[in-house]
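Data block below; observations after.
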């Protein structure tokens, strides 16, 4: 019976196989393209968030005092104008929330990727290490309800690494 099959009988299945292979190739190319576009979108959003943080620091240089050891804290004007001001402390806390929101978005979306997001992970660790304000926000009892598990996990990793390294970073309040 197979001997009776002609060339026409093989063309239909051959075309189906070729179409399936082309479909798989197009799927793979489309998948790679959409992945690259998603990564690019993430990078653009990260840049926008970083620009917003920079805008805030330029608009109010006293916000640099979010870092415990920053030179702006030693300025006499800082002590006179900001150190005791409840309004300034609220603004400083709002700035810390802005930074944490940026960290949360980028770290959650870039989870497990080895790319530019490592810079954000390093920025997060540096901010936590240098800022009592950021640590105090993450130590609040409601922090796990406000922030994603990924951000809280990164903070807990930082705490355990500093505790095991015997770092002289002050403990969170």
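Summary of values
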{"item": "Residue in region 1-8 that is in a helix (DSSP H, G or I), out of contact with any strand residue (DSSP E or B) (no Cβ under 6 Å at 6 or more places or on another chain) and either surrounded by 10 or more Cβ atoms within 10 Å (Cβ to Cβ) or touching a residue at least 12 places away in the same chain (Cβ under 8 Å) (or both) present", "result": "no"}
{"item": "Test: residue in region 31-39 that is within 18 Å of residue 103 (Cα to Cα), touching a residue at least 60 places away in the same chain (Cβ under 8 Å), touching a helix residue (DSSP H, G or I) at 6+ places or on another chain (Cβ under 9 Å) and assigned to a helix (DSSP H, G or I)", "result": "no"}
{"item": "Selection count, region 40-69, where residues are surrounded by 10 or more Cβ atoms within 10 Å (Cβ to Cβ) and outside any helix (DSSP H, G or I)", "result": "3"}
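Throughout, read-outs are computed from the coordinates displayed, never taken from laboratory work. Treat the numbers as computed from the prediction; the structure is a model and nothing was measured. Cβ: placed from backbone, ideal geometry, glycine included. Neighbour counts: every protein chain shown.
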